[in-house]
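Once you've had a glance at the structure underneath, I'll fire off some questions.
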Amino acid sequence: MKKVILTLLSGLFSLGMYAQTTTPDTAVANFVVNATKGGMMEVMTGKLATQKGKSTDVKNFGARMVTDHSKANAELKSIVSAKKWNIPPPSATVVKPDAMLTTSTGSEFDTGYVNMMVKDHKKTIMLFERAASTSPNPQIKAFAMKTLPILQQHYTAIQQIADKLNIAYDK
């Protein structure tokens, strides 16, 4: 994943796309790219959950993902724009939901979605904890600190849904 991000960023540098803008340090750029990709994925899969989920809990959680992550994505985009950082968002061709989620329905969808949300939120919480404690940029640090409790609420909620639906997940 890190290699893909660095390749993407180095490709953009070589094309001269940063000529009129400022460039954040690598750690900040990596956080922005990873947070953006994760947020986009949460919105896309959340929409799928509202349409394909069998459980009302899964559907409601998916709707919450769309709302909360759309808001966080917009806030992060605003920070990037205000800083005049030219970090283009990943395209929809780069961020695609797992094929299993797009083809499954009912309980099979719920199981796949819940497992994905548990895994993704665990990973995202670590990303945001690192940014909240070590980011050299005060706006990114504040954004991570503000968003982290919401991500932790998501993680707790999806674990509760998994338990309620008897879906096994890695703890």
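The values are calculated or read from the model by the stated rules, or taken from the named source; none is laboratory data. For clarity, every value in this text was computed on a predicted model and none was experimentally measured. Positions of Cβ are generated from backbone atoms using ideal geometry, with glycine treated the same way; all protein chains shown enter the neighbour counts. For the accessible areas, the whole protein counts, side chains as well, though only heavy atoms, and no ligand, DNA or RNA atoms are used. Shrake-Rupley method; radii C 1.70, N 1.55, O 1.52, S 1.80 Å.
Which whole-number percent is the relative contact order of the range 112-171 (Cα, under 8 Å, 6+ apart)? If you can, show how the numbers build up before the last one.
Values: 46 pairs, mean separation 27.5, N = 60.
Across the range 112-171, relative contact order equals 46 percent.
Any chance you could run the full-extension gain for Ile79 through Thr156? It's 0.36 nm times the residue separation minus the Cα-Cα distance, nm to one decimal.
25.0 nm
What does the accessible area of Glu129 come to, in Å² to the nearest 10, when a probe of 1.4 Å is used?
Glu129 exposes around 80 Å² with every protein chain in place.
OK, next. Dipole magnitude of the range 64-171 about its Cα centre, charges +1 at Lys/Arg Cβ and -1 at Asp/Glu Cβ only, in debye to the nearest 20?
Numbers: 14 positive and 9 negative charges, 111 e Å.
Dipole about the Cα centre, nearest 20: 540 debye.
Quick check: convex hull of the Cα atoms in the range 37-171, volume per residue, rounded to a whole Å³?
Given the Cα convex hull of the range 37-171, per-residue volume reads 98 Å³.
Could you sort Thr147, Thr103, Thr67 by their accessible area in this structure, using a 1.4 Å probe and putting the largest first?
Thr103, Thr67, Thr147
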